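Read the figures in this text as sums done on the coordinates, not as results from a lab. Bear in mind that the values here come from a model prediction, so they are computed numbers and not experimental data. Cβ: placed from backbone, ideal geometry, glycine included. Neighbour counts: every protein chain shown.
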Amino acid sequence: RRCNLTACSSKMHPMWQGPLAVPGGDRQSPIDIVVRKSVLDTELKPLKTTYDPKTCQQIWNNGYSFLVEYDDTTDKNTLKGGPLQDTFRLCQFHFHWGETNDWGSEHTVDRRLFPAELHLVHWNADRYSLFEEAVMEDNGLAVIGVFLKVGKRHEGLQKLVDALPTIRHKDSVVEFTCFDPGCLLPANTDDYWTYHGSLTTPPLTESVTWIVMKQHIEVSHDQLAVFRSLLFTSAEEEVQKSMVNNFRVQQPLRGRTVRSSFT
Ligand SMILES: COc1ccc(C[C@H]2SC(=S)NC2=O)c(OC)c1
Ligand SMILES: [Zn+2]
């Protein structure tokens, strides 16, 4: 069973940009994280992640990003602690990036943009039995956001980068096994911001507890360039469009508080 492909592959307009009006959308994502307005919460615990590389299943181009999907039918890949009361299961991870290194992330920190952002998507397996159910509930999902900066080559990422040319077009899927998503987390996962938000593409459901890492990871310019060699378009389409700028613009905070686990 693939991590509920339908849910993860929902029709997303590739050039999704505009702030789609969401009825009562008062907890939309992404946002700008204003550091000096974040509130230290000493109750926040360290994050606990347990990932099993053997449960990695496939990597595919869904016409908006590329997703690496995991078997989420058992508790092999879990996220606990941090702001979370329940145990969440990893379903997939994907990225957002720009056409240049000057922008590409979805969240910003004091308006600072990063060239890319990783999203590790988890769903609340204590309360729901399927991702599809969890995605509709306000405590259904937990997404870890990690900023990428251009610098030294990321050895762990290379296996994934090498697979990208085989999924250049929309809807192409290849088997992808034995990948540890933990290798994409920064050394320090104790320092993060957390807030209640939403999916950043349609259906934009307000079901996400966001956990945005303070520490970024570094990838090389060349590795990021391979992300940009992906296409939004399927093989049959006559005009090929390169997969870049697949991020949503920052949304209004609407009175929400961003909590920090550090000072
Ligand atoms: C219907 O369920 C969906 C739809 C879209 C996405 C991807 C969006 S949401 C996010 S965070 N980043 C993205 O690009 C989902 O991911 C959990 C789940
Ligand atoms: Zn995302």
Residues whose placed amide H lies under 5 Å from that of Ile33, excluding near-sequence neighbours: Thr108, Val109, Asp110, Arg111
Ranked list, fewest to most other Cβ atoms within 10 Å of each Cβ, for Cys178, Cys91: Cys178, Cys91
Region 216-238 and region 63-133: distance between their alpha carbon centers, rounded to Å: 18
Contour excess over end-to-end distance, with Cα ends at Lys37 and Ser234 and 0.36 nm allotted per residue: 66.6 nm
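Tell me whether region 146-237 comes out rounded, prolate or oblate; compute the Cα gyration tensor, take square roots of the eigenvalues as a ≥ b ≥ c, and use a/c under 1.5 as the rounded threshold. Write down the numbers at each step before the final one.
Numbers: a/c = 2.06, a/b = 1.22, b/c = 1.68.
Cα axes put region 146-237 in the oblate bin.
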Amide hydrogen neighbours beyond the local backbone of Gly81, cut-off 5 Å, H modeled: Lys48
Residues Ile211, Ile217, sorted so that the one with the fewest Cβ neighbours within 10 Å comes first: Ile217, Ile211
Value at 222 nm in deg cm²/dmol, rounded to 500, when DSSP H runs of n ≥ 4 in the chain each add -39,500 (n - 2.57): -2000 deg cm²/dmol
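What does the C-alpha gyration tensor say about the overall shape of the chain? Classify as rounded when a/c is under 1.5, otherwise prolate if a/b is larger than b/c, or oblate. It would help to have the intermediate numbers written out before the result.
Values: a/c = 1.32, a/b = 1.23, b/c = 1.07.
Cα axes put the chain in the rounded bin.
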Theoretical gain in end-to-end length, Asp102 to Asp190 [0.36 nm per residue, Cα-Cα removed]: 29.0 nm
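Mind checking the full-extension length gain between Arg254 and Val174? Use 0.36 nm per residue of separation minus the Cα-Cα distance, one decimal, nm. Write down the numbers at each step before the final one.
On the way: separation 80, 0.36 × 80 = 28.80 nm, distance 4.09 nm.
Gain on extension, Arg254 to Val174, equals 24.7 nm.
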Placed amide H near Asn246: partners under 5 Å, 5+ positions off or other chain: Trp97
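Order by neighbour count: Lys170, Lys241, fewest other Cβ atoms within 10 Å first, most last.
Details: Lys170 21, Lys241 12.
Ranked by crowding around the Cβ, least crowded first: Lys241, Lys170.
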